[in-house]
Amino acid sequence: MTEIFADGTGSIIVSNGVVRIELVQLRRKDGKAELSSQSTGTLLMPVGSLKNLTLQLAKALEQLQERQSEKDRLESEGKKGDELDEALSNL
């Protein structure tokens, strides 16, 4: 199995029942700070599979957002606890 890292997508083309999704990576130009996107491969799949892929990606995004919200909530509670500890120590 070949693994390809992609920073994003380029063009998406549907032709003859096949979806072609260009995958791109960000790379430095000639060792400089400037980044450019370069094609790293193309994902080919039947149009019929696109709906399932989209649903799976949406579910993964939803889970990531829930984890981030939980992390933010815990950090917020931790800060409140720190403020309370500091206030109590000043008494």
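The values are calculated or read from the model by the stated rules, or taken from the named source; none is laboratory data. All values reported here derive from a predicted model rather than from experimental measurement. Counting neighbours? That spans all protein chains shown, and the Cβs are built from the backbone with ideal geometry, glycine included.
A few points about this structure:
- Unmet criterion (only one of (1) within 16 Å of the chain's Cα centre (by Cα); (2) at pLDDT below 95; (3) small (Gly, Ala, Ser)) for residue 81: (1)
- Residue selected from the stretch 14-31 under the condition farther than 13 Å from residue 50 by Cα and basic (Lys, Arg), by the criterion modelled with the lowest pLDDT: 29
- For the residues 36, 11, the requirement of being at pLDDT 90 or above, among the hydroxyl-bearing types (Ser, Thr, Tyr) and part of a strand (DSSP E or B) singles out 11.
- Here residue 53 fits the description: surrounded by 11 or more Cβ atoms within 10 Å (Cβ to Cβ), outside any strand (DSSP E or B) and free of Cβ contacts under 8 Å to residues at least 12 places away in the same chain.
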